[in-house]
């Protein structure tokens, strides 16, 4: 079924978006699905599948689509989901800020809007700390995070991604965002798995910060990520060299000290139980 242009163009913009976080993408996706719900149930199902495929690593898009398909009033469900994920993210950031209190150094990887909000909340509460931020190649969103935090008065040490193991002993804890939490592990920016494994080896607590809208039902399966533009790694072709540019990796949950959500800090085992109990609409079951 061909989607109406107004809906198709919104989904295409979401597919091409490489810089926005999962919360921002979910809000944009809710607008697209609300439009689809106003056309027909068939268009809604097609739009839901297209959105999930547009950003397969982003669990909120799956949960938004799933919630709308299961709802009696899909358009209303879309609007409520968008509002809920934003309020949940604020609450999760508040819980993380409480965890930061009393800590001197926090290491983070990539740029999460929720982690950034947690840093701002901790600063406003009077916590004295500094941040170690990685560049987060190839898009270097960690550099933009460092700039934003520095302008707000937070001291930042900016390091290359490969310096994670070297810098971790200086940190009291490691904190990142997450694009999805699945039975396979924590899906986030490539390099997060190395951070988690290094933190476990060095005894530094590693927490992931995300709302429960990023919990992926166990019955759902994330599609394999396709390689991105190799030009983001190499500025010119090299003989017999093929760049493999991937944005995401999956961190085993057994190296995560806790998942910080709007409900507080959840143990990985409790999260797994919740994932296994989440329902999935048949249109998304595959």
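The values are calculated or read from the model by the stated rules, or taken from the named source; none is laboratory data. Nothing here was measured: the structure is a model prediction, and the numbers come from that model. Positions of Cβ are generated from backbone atoms using ideal geometry, with glycine treated the same way; all protein chains shown enter the neighbour counts.
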Of the residues that make up segment 58-81, is at least one in a loop (DSSP other than H, G, I, E, B), at pLDDT below 90 and surrounded by 15 or more Cβ atoms within 10 Å (Cβ to Cβ)?
yes
Starting from residues that are assigned to a helix (DSSP H, G or I) and out of contact with any strand residue (DSSP E or B) (no Cβ under 7 Å at 6 or more places or on another chain), keep the ones in segment 217-267 and report whichever is surrounded by the fewest Cβ atoms within 10 Å (Cβ to Cβ).
254
Checking residue 196 against (1) assigned to a loop (DSSP other than H, G, I, E, B); (2) crowded, with 19+ Cβ neighbours inside 10 Å: exactly one of these is not met. Which one?
(1)
Can you tell me which residues in segment 96-107 are under 10 Å from residue 207 (Cβ atoms) and within 18 Å of the chain's Cα centre (by Cα)?
96
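Name the residue that is modelled with the highest pLDDT, counting only residues in segment 199-216 that are part of a loop (DSSP other than H, G, I, E, B) and surrounded by 17 or more Cβ atoms within 10 Å (Cβ to Cβ). Walk me through it before giving the result.
Step one: filter segment 199-216 for residues part of a loop (DSSP other than H, G, I, E, B), giving 203-205, 210-211, 216.
Keeping just the survivors that are surrounded by 17 or more Cβ atoms within 10 Å (Cβ to Cβ) gives 204, 210-211, 216.
Details: 204: 98, 210: 93, 211: 94, 216: 93.
Here the residue is 204.
Mind counting the residues in segment 17-27 that are crowded, with 19+ Cβ neighbours inside 10 Å and either part of a helix (DSSP H, G or I) or assigned by TED's automatic domain parsing to the domain that holds residue 186 (or both)? If you could, list the steps in order and put the result at the bottom.
Residues of segment 17-27 crowded, with 19+ Cβ neighbours inside 10 Å: 21-23, 25-26.
Adding the requirement that they be either part of a helix (DSSP H, G or I) or assigned by TED's automatic domain parsing to the domain that holds residue 186 (or both) leaves 22-23, 25-26.
The total comes to 4.
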Output for Cβ contacts, cut-off 7 Å, separation at least six or different chains, first residue more than 16 Å from residue 187 (Cβ to Cβ) in segment 225-236, second surrounded by fewer than 10 Cβ atoms within 10 Å (Cβ to Cβ), reads 227/244
Any residue in segment 266-279 that is more than 21 Å from residue 66 (Cβ to Cβ) sitting within a Cβ distance under 7 Å of a residue that is modelled with pLDDT of 95 or more and exposed (fewer than 13 other Cβ atoms within 10 Å of the Cβ)? List the pairs, counting only those 6 or more apart or interchain.
268/254
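What are the residues in segment 99-119 that are farther than 25 Å from residue 160 by Cβ and either at pLDDT 95 or above or crowded, with 17+ Cβ neighbours inside 10 Å (or both), if any?
If we filter segment 99-119 for residues that are farther than 25 Å from residue 160 by Cβ, which is where we start, we get 99, 101-102, 117.
99, 117 - these are the residues of segment 99-119 that are farther than 25 Å from residue 160 by Cβ and either at pLDDT 95 or above or crowded, with 17+ Cβ neighbours inside 10 Å (or both).
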